[in-house]
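> First the structure, which I've put down as structure tokens, then a few questions once you've had a look.
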């Protein structure tokens, strides 16, 4: 399996595990002011989803409709949670469908803040995984301040669990 496909599976696994923990918080905790550019946990998570959607649109060659990286009026956490898991499933399926040649294809796009960009499909996918990891870290820090301990979503833990699952599947 390619690194890109592994990273999309890792992102989906980590998001699912992490968001299940965040789901235990109250609405008040999710929207409590935080010293971060996004203002609170819910808006930080919405930013991650919105940027996933922006990159999805770039990969598909369609408009995304966003004019800012920090959109106002995020959906409820329950809706955002569902949207994020569906987006992650899309990225896994998308990555699985790409061969080596397609991963290397250059996608041209316009940055939300202005300016032309161009990246390979593979690099976009790696960026999507990295970007979400970065913001899970922000939210993890906010969780600690709520006395909630985030799950361990490190790549080596994912790889260990995936290997254990593969081995147990062979034994059955």
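> Exposure proxy check: 10, 94 ranked by fewest other beta carbons within 10 Å? Could you put the intermediate results ahead of the total?
Values: 10 22, 94 17.
Arranged by neighbour count, lowest to highest, 10, 94 become 94, 10.
> Once you place label points 7 Å from the Cα toward the Cβ at residue 70 and residue 105, how far apart are they in nm?
Result for the modelled spin labels: 3.5 nm.
> How large is Rg over Rh for segment 3-171, taking Rg from the Cα atoms and Rh as the Kirkwood inverse mean of 1/r across Cα pairs? Mind dumping the intermediate values first?
Numbers: Rg = 16.6 Å, Rh = 16.9 Å.
Reported Rg/Rh (Cα atoms, Kirkwood Rh): 0.98.
> For the chain, what does the helix formula give at 222 nm: sum of -39500 (n - 2.57) over DSSP H segments with n ≥ 4, over the residue count, nearest 500 deg cm²/dmol?
-22000 deg cm²/dmol
> Quick one: if the Förster radius is 35 Å, what FRET efficiency do residue 147 and residue 116 give, using the C-beta to C-beta distance and rounding to 0.05?
Values: r = 45 Å, r/R0 = 1.30.
Efficiency, from the Cβ-Cβ distance: 0.15.
> With the crude spin-label approximation of a point 7 Å out along Cα→Cβ, what separation in nm comes out for residue 37 versus residue 163?
Result for the modelled spin labels: 3.7 nm.
We did not get these values from a lab; they are worked out from the coordinates using the rules stated. On a predicted model such as this, the values are computed, not experimentally measured, just so you know. Here the Cβ is made from the backbone with ideal geometry for all residues, glycine too, and neighbour counts use every protein chain on show.
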